[in-house]
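Worksheet: one structure, shown below.
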Amino acid sequence: MKNSKNIILGLGLALISFGCADLEEKPVGVFAPETFFNTPKDVETAVLGSYGVLASEPLFGRQFNSALMLRSDMVDIGNRATSAERIQVNDFNMDSNNGMVSRFWPVWFQVINAANAAESGGESLGLKAEEINPLIAEAKFVRAFSYFHLVRVFGELPYINFAVSDPTALKNISKSSEAEIYAGIIADLEFAKQWLPSKQKNDVRSRPTAGTAASYLASVYLTQGNYQKAYDEAKFVIDNKDLFGYRLEADFRSLWIAANADNVKETIFAMDFLGQVNVGSQNDDLIPNMTGVINFQPGTFGVSVPSLKVYQTWDNKDYRKEVSLVDTIVFNAVVRAFPEFTTPRPHIYKWTQSPGNSNTGGRFSDHNYIDMRYAEVLLIAAEAGAEVGKPGTETAGYLNQVRERARNWGGRMTNFPEDVSTGLTKAQLIDLTMDDRRLELAFEWKRWYDIKRRKLGESVFRGPNSLEPRTNFDPSRDYLFPLPNSELIINPNLAPNNPGY
Amino acid sequence: MALLFLLGCTPIFLKAQTRQVSGTVTSDAGETMPGVSIVVKGTTTGTTTAIDGKYSINADQGTTLVFSFIGMISQELAVGNSTILNVELATDISQLEEVIVVGYGTQRKSDLTGSVSSIKAAELTAFPVANAVQALQGRAAGVSVQANNGDPGGALKVRIRGGNSINASSDPLFVVDGFIGGTIPAPEDIQSMEVLKDASATAIYGSRGANGVIMVTTKKGKAGKTKIDFNTSFASQEPVRRMDMLNAAQFLDYTQEVLPNYISGGADTNWQDEIFRTGGIQNYQLAVSGGTEKMNYYVSGAFFDQTGVIINSGFERYSLTSNLNFNASDKITVGLNLFARREGKNGVVTQEGSGGANSAGVVGSSLRFMPDLPVTNPDGSFTIAKIGDPIDNPFAVASQREDENVADLLQANIFVNFDITKNLTFKTTLGAKTDNGRRGIFVPTTLNQGLNIGGGASISSFKNTNIINENYLTYSKIFGEKHNFSILGGYSIQKSQNTNWLARSQSFITNSVSYWNLEGGSVPQIPNSGFSEVQIASLYSRINYSFNSKYLFTFNARYDGSSNFSKNNKWAFFPSGAFAWNMKDEKFLQESSLFSDFKWRVSYGLTGNQAIAPYQTLARFSNVFTVINGSPVNAVRPTTVANDDLTWETTRQLDFGVDIGLFENRINLTADYYRSVTSDLLFSVPLPSYSGFGSQLQNIGKIENKGFELGITTVNTRGEFDWRTSVNISTNRNKVLELPDGNDILYGSGPGHLIGLGQTQILRVGEPVGSFFGWIYDGVYQNGDTFLPGGGFEQVAGGEKFRDIDGEKDANGKLTGNPDGRLNADDRTIIGNGQAKFIWGLNNDFSYKGFDLNIFFQGSQGNKILSYTLLELETLSGSINSTTEALNRWTPANTDTDVPSRTLNRTQRVSSRWVFDGSYVRLKNIALGYNFPRAMTEKVSISKLRIYVSAQNILTFSDYRGFDPEVNYSSAGATNSNRNLGLDYASYPNAKSLTIGMNISF
């Protein structure tokens, strides 16, 4: 009897525990996409995620913008013991296994995917246009922004403008042509221009406004050679600059003081980094480290350093040279001139002069990395206006606004660079504008795109006045980067790679 | 003889009556034997011999007394007229009666159909170790134990028959006294460890058995007088080897060759001397055990303290084990095992993931740091590297940085065993474990790393709970004397919950608060926390049938359901079958005097690897740190895509084995051939990046491990001079059979600050996991050589010369395998891998009179090492120190060398120059002990007193030029522990020890 009682007790124990098994997971601290979007605030949270990825080391923190900087004739390699992938990008002998490309390519698509998810989440709410379109417009802007960079760097590539829930379905898609991609970009920017506000909350410049969309439309049309439309959009921004809150900063140097970055009214769109917060590759910027003087700016790597000719051909009377380049540093109370620098050339100064609250060498700085500022819109208006035959008074006028600001040498007015004459020919004005772009927007990853859209490669790399001679520059290949080989292996439909790779 | 004499002298009683029978039990070596069990056959009356071997028991004349003791042949003697019955027991060198612990029960060795290795207590305590698993190294065929890093309390990599996975853990399952996933106590508290290797033995653990199972049985008390055991040892330790670096004068010469303006710092510091010290171990264990017929107990406290061979590093462990078993009634036995432990660790940075300006580790910087700088500047601050990366000096990093880890663990295991009938038993168990720890790290401003941020502090903690309940019935019966049948069936449920959190802050007023004042930091960092939960429910069963003890059949199965598994695949079934044939019992061998044992075994089955982490099958958005207008805002982005079909990994293993005994088991041989194929490997299948997701977890891929194990134990001589040998040797061939789309997967494992190393290893079909991938080094270019062009490759005399092996493309753009005259990424190939061709252990035990001598060799053959340490030091390009190899570098005056020239323009790259032979033979332990004679010790009530001296790791034969060939860099976490084998960077050297110790039993 005692035995059967025990048996029953034991079996009872067993049965109770059987009933306690629940194998369904209830995740805590994790977000599920299916149930995430309920209000516009959720859509905003998703859109903001894409900015977080833009402000990361593989994109504007270091890899992507450094690749563009090195590719141009304004920036060369300083420390030649740096990793081979950077040397290859700079020297035009990269291959499809290039490490810089394999680092930034996937992250661009994380941005695009985040934007697509936010857009689709917004559309799923079924709200009225006025309530939700500004946020959807932001998502579309981010996608357009990303593809605008990608199409200029890679040419044809897969165009994804929908939220992805089954990635294996995308395994065999083909590349879209540049025309298709540009069509998508323009459509997104038009929507954005229509629905984005004129100013964001607190006038932040790391979120787009209608002015941002119009400025980028101007740049897209300029790249395509559609100068009439480029001019129209640029003019639109210029005419409405007060509505959007754009103006040229009085002192050119104030653009590069990190502590002041959030107050720069010239910024049209920037990636916002916060000083000293270390959370992985997010918020990690190393442009100061990449451009600093190794031996006199401790913690820097001196990788991206302009050639000596950049310094020698830039007029000393130009304040912007003074701000953009550094040729002497006071180190341990001793003045050191550039021949004593580890790489004996003047270095880029824009990001190392005032990184604000930052770590060694300027890493994790407070900089906002500006991708478009008002000065560029003026330069676009000048160039596009000249191309379509706008009067010299107008086009030269735009150029001269930029030059006038440049004459303000930290509070003291100088007379260099002089105003441009209004009577120049179209060709002269365009040449002048291209050169003004080179100096005004120096080291801001603009020059390579200019070389590419105007097909200046042979003359700037192989011509007699080349700032960075590269006799191996091959115009049939080197205007484009190769798609990463790993992608072609996974999806053979992406073959062939860009010509020459 | 003595028996007959006594019989004759004793009055003979005519009537049979219960009376006191007494006597002395001795062994065949002449020693009296305490603890021998004496039972009146057919009753429950019993006793044990006392310390002097004497016993006394109530027994009727005509009954039989059964004398038994582990390791001795049992004897049954009839109680005759005499009241004195002395017995001499003979040593049983047969291992047939040995009892082996298997899943959910025990089996006699002769009945075993699976492949199981058994390691006894003596081998586990041969020398003091922080973790009992360390003592398994070289002891069992097919079991590989390696220290990843030599730090005190450091992690060990255990592999049974090779690594079965790539992205999931290949660690074996530990079962402690039946508690699946329990924690092992101090080595002195372990009775035995059984390693279950083939499917027949492991399938009963179902979805967790694929990597083998290590059963740990803790010591229990025995009926009889209370025993007190005290074991202590002290060891003095040094690093096994030092590296030969340039001294200040050589460094000056070496640096000025490329930096003519370099000025020496004036000192001559040997940085290895600054960071290494004589380390030590002290180990104490005190156990009290005993019992009666109805209960037994074992209580033990242990303390282990290791001072590391690098300053400011150490490990200590305090533990308490309490095992209690008692008979609640005739039919019910209850057991309660309690275990409590505290571990503390002081760590220094070694094997750092990135050793750049502010994160160089102690060993890495001791090799790189310029020898011409003193430890401190005249103002008392620590020196920092003057050229190159501004790293802190090694002494500063070791002594200034604080890293303290304290973890507490409580484990309880209760079981109740009902003997329902003679043949049917029911057992129910409840195990519970809670584990929590805290790690504090502080980087003060005396280090460059801390100076820039004003001091950085962090505290991280975790708390894990694990509960398991098992219920099973076992039925066994012998039908018709020949058919031995037993069946086991059970149900189990296990729940575990893991939580963790971390808080950090920077910029403090003073260094003295360390990490105990996070609110005082003016730059707080982002905290984080995490939670996960897993539940597993299972049904399992085993059937054993043997015919005449000659033909043995076993069938195992387990049906597991886990919450980790995806929606569509929650349950998994794992069966296995085995057959064994005791050929010795066949007519043609029965009378053989050559063979005392001859058993063939074959088994085949499926086991699983849980592999999937909690929530891994679900789609997810994750937080993204985003700043708007200078402040962080809430932001998320899609990071994971769901896989509703994800399933566990399955291993199918086939095993053929034979156990042979020769010359009455003086020679025992066990050999096994096995082949396992693991399929449905969990893979982060690279998705096209343009999908926005880097990868999706899918079940694609197969790995094969096949190999041969041989274990031989011999009793070479017996008697006064006793010499026994045991040797084991295992080979394993690991091969990737299938990868997603058959494509190569390239990945990198180099330290982050060695930029440009890029991809260093490859997963390729047909090759072992983790093969090294790089260029082939062909020596140094000489004047007049043709220099091969290539971006980033040298084209000068004195430069590194690499081989052009590929690059030509056919019409479709595919590589043809022909050289193209250019050096680039296409010229890379597989240059080695870290898997050993074979591993072995050779143990010799000698004893003569009271002395015992143990010599234990252990080794690994055929494994290669990719040394990032030597890559960093000997590329000879940069501003860091180098090894004395640099003295043989190419110069126009010294052209006959394969060490290239000194330069500043050489890219660091993975090539065959950095792949070294990691084979080694190591004298793991040599111990000489002396057992004081019983006669002497009994005078002070001591039953055993042994003192010994020993040395561990004192001889290592290896060609590897790094610290030690037993090393695995970047090998923690599931994926890396499989893919990163044989890498070395800035590792904490293993230690060699000189030990003295004492064992006392009262």
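If you go through region B:152-172 and pick out every residue that is surrounded by 23 or more Cβ atoms within 10 Å (Cβ to Cβ) and over 26 Å from B:PRO128 (Cβ atoms), you end up with 8. If the condition is being within 17 Å of B:PHE838 (Cα to Cα) and not in a loop (DSSP other than H, G, I, E, B), then region B:148-178 contributes B:LYS157, B:VAL158, B:ARG159, B:ILE160. Only residues that are part of a strand (DSSP E or B) and more than 14 Å from B:ASN999 (Cβ to Cβ): list them for region B:900-927, please. The answer is B:THR903, B:SER911, B:VAL915, B:PHE916, B:ASP917, B:TYR920, B:VAL921, B:ARG922, B:LEU923, B:LYS924, B:ASN925, B:ILE926. Quick check on B:ALA580: is it touching a helix residue (DSSP H, G or I) at 6+ places or on another chain (Cβ under 9 Å), under 23 Å from B:GLY163 (Cα atoms) and in a strand (DSSP E or B)? The answer is no for B:ALA580.
For beta carbons closer than 8 Å, sequence separation of 6+ or different chains, a first residue in region B:466-482 that is closer than 18 Å to B:ASN548 by Cα and a second that is among the hydroxyl-bearing types (Ser, Thr, Tyr), the qualifying pairs are B:SER476/B:SER486; B:LYS477/B:SER486. Within the option set B:ALA619, B:ALA572, being in contact with a helix residue (DSSP H, G or I) (Cβ under 6 Å, 6 or more places away or on another chain) and facing chain A (nearest Cβ under 10 Å) holds for one residue only, B:ALA619. Among the conditions (1) more than 14 Å from every other protein chain (Cβ to nearest Cβ); (2) crowded, with 20+ Cβ neighbours inside 10 Å, A:SER254 misses just one, which is (2).
Taking residues in region B:253-264 that are farther than 14 Å from B:THR903 by Cβ, and partners anywhere that are modelled with pLDDT of 90 or more and of a type in the set (A, V, I, L, M, F, W, C), the pairs with Cβ atoms closer than 6 Å and at least 6 places apart or on different chains are B:SER264/B:LEU252.
Yes/no per residue for (1) buried (at least 20 other Cβ atoms within 10 Å of the Cβ); (2) under 23 Å from A:ALA375 (Cβ atoms); (3) in contact with a strand residue (DSSP E or B) (Cβ under 8 Å, 6 or more places away or on another chain):
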{"residue": "A:ALA270", "(1), (2), (3)": "yes, yes, yes"}
{"residue": "A:GLN282", "(1), (2), (3)": "yes, no, yes"}
{"residue": "A:ASP318", "(1), (2), (3)": "yes, yes, no"}
{"residue": "A:VAL323", "(1), (2), (3)": "yes, yes, no"}
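Being under 34 Å from the mean Cα position of the chain (by Cα), over 22 Å from B:ILE180 (Cα atoms) and either surrounded by fewer than 19 Cβ atoms within 10 Å (Cβ to Cβ) or of a type in the set (A, V, I, L, M) (or both) is not true of B:VAL523. Scanning region A:80-97 for residues that are free of Cβ contacts under 8 Å to residues at least 24 places away in the same chain, facing chain B (nearest Cβ under 7 Å) and assigned to a helix (DSSP H, G or I) yields a total of 4.
Each residue in region A:109-146 was checked for being of a type in the set (Ser, Thr, Tyr) and within 16 Å of A:ALA32 (Cα to Cα), and 2 of them qualify.
Yes/no matrix, rows are residues, columns are (1) of a type in the set (Val, Ile, Thr); (2) more than 14 Å from chain B (Cβ to nearest Cβ):
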| position | (1), (2) |
| --- | --- |
| A:THR342 | yes, no |
| A:PRO346 | no, yes |
| A:TRP351 | no, yes |
| A:ASN368 | no, no |
| A:ALA396 | no, yes |
| A:THR422 | yes, yes |
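Listed conditions (1) surrounded by fewer than 19 Cβ atoms within 10 Å (Cβ to Cβ); (2) touching a residue at least 40 places away in the same chain (Cβ under 8 Å); (3) not β-branched (Val, Ile, Thr) are all met by B:LYS427, apart from (1).
Candidates in region B:799-834 are the residues that are over 41 Å from the mean Cα position of the chain (by Cα) and in contact (Cβ under 8 Å) with a residue 40 or more places away in the chain; of these, the one that is farthest from B:SER877 (Cα to Cα) is B:LEU823.
Residue-wise test of (1) in a loop (DSSP other than H, G, I, E, B); (2) buried (at least 21 other Cβ atoms within 10 Å of the Cβ).
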| residue | (1), (2) |
| --- | --- |
| A:GLN428 | no, no |
| A:THR433 | no, yes |
| A:LYS455 | yes, no |
| A:PRO469 | yes, no |
| A:LEU483 | yes, yes |
| A:PRO496 | yes, no |
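Of the residues making up region B:939-972, those that are hydrophobic (A, V, I, L, M, F, W, C) and not in a strand (DSSP E or B) are B:VAL940, B:ILE942, B:PHE963, B:VAL967, B:ALA972.
Of all residues assigned to region B:728-748, none qualifies as being buried (at least 21 other Cβ atoms within 10 Å of the Cβ) and more than 30 Å from B:TYR674 (Cα to Cα). Checking region B:185-202 against the condition returns no match, with no residue being surrounded by fewer than 21 Cβ atoms within 10 Å (Cβ to Cβ) and on the phi > 0 side of the Ramachandran plot. In this structure, B:SER538 does not satisfy being crowded, with 18+ Cβ neighbours inside 10 Å, on the phi < 0 side of the Ramachandran plot, away from chain A (no Cβ under 14 Å) and not in a loop (DSSP other than H, G, I, E, B).
Determine if region B:448-455 includes at least one residue that is closer than 30 Å to B:VAL176 by Cα and touching a residue at least 24 places away in the same chain (Cβ under 8 Å).
no
Can you confirm whether B:SER676 is under 22 Å from A:ASN116 (Cβ atoms) and of a type in the set (Gly, Ala, Ser)? In short, no. With respect to the conditions (1) touching a Phe, Trp or Tyr at 6+ places or on another chain (Cβ under 7 Å); (2) outside any helix (DSSP H, G or I); (3) over 29 Å from A:ILE329 (Cα atoms), A:ALA230 lacks only one, and its number is (2). Beta carbons closer than 6 Å, at least 6 apart along the sequence or on distinct chains, pair a first residue in region A:268-288 that is more than 10 Å from chain B (Cβ to nearest Cβ) with a second that is of a type in the set (A, V, I, L, M, F, W, C) for A:ILE268/A:MET372; A:PHE269/A:MET372; A:ALA270/A:ILE370; A:ASP285/A:PHE273; A:ILE287/A:TRP351; A:PRO288/A:TRP351. Taking region B:265-312, which residues are outside any strand (DSSP E or B), touching a residue at least 60 places away in the same chain (Cβ under 8 Å) and surrounded by fewer than 21 Cβ atoms within 10 Å (Cβ to Cβ)? Hits for region B:265-312 are B:GLY265, B:GLY266, B:ALA267, B:ASP268, B:ASN270, B:GLN272, B:GLU274, B:THR292, B:GLU293, B:ILE311, B:ASN312. In summary, helices (runs of 4 or more DSSP H) completely within region B:341-456 and bearing 3 or more residues that are under 28 Å from B:ILE509 (Cα atoms) occur at B:394-400, B:448-451.
Among the residues examined, A:PRO134 does not qualify as touching a helix residue (DSSP H, G or I) at 6+ places or on another chain (Cβ under 8 Å), under 30 Å from B:GLU872 (Cβ atoms) and modelled with pLDDT of 90 or more. Of the strands (runs of 3 or more DSSP E) that lie entirely inside region B:622-717, those containing 2 or more residues that are within 14 Å of another protein chain (Cβ to nearest Cβ) and modelled with pLDDT under 95 span B:626-628, B:631-633, B:636-640, B:682-686, B:695-699.
The values are calculated or read from the model by the stated rules, or taken from the named source; none is laboratory data. The structure displayed is predicted, hence computed values, not measured ones. Neighbour counts are summed over all protein chains in view; Cβ atoms, including those assigned to glycine, are modelled from backbone coordinates with ideal geometry.
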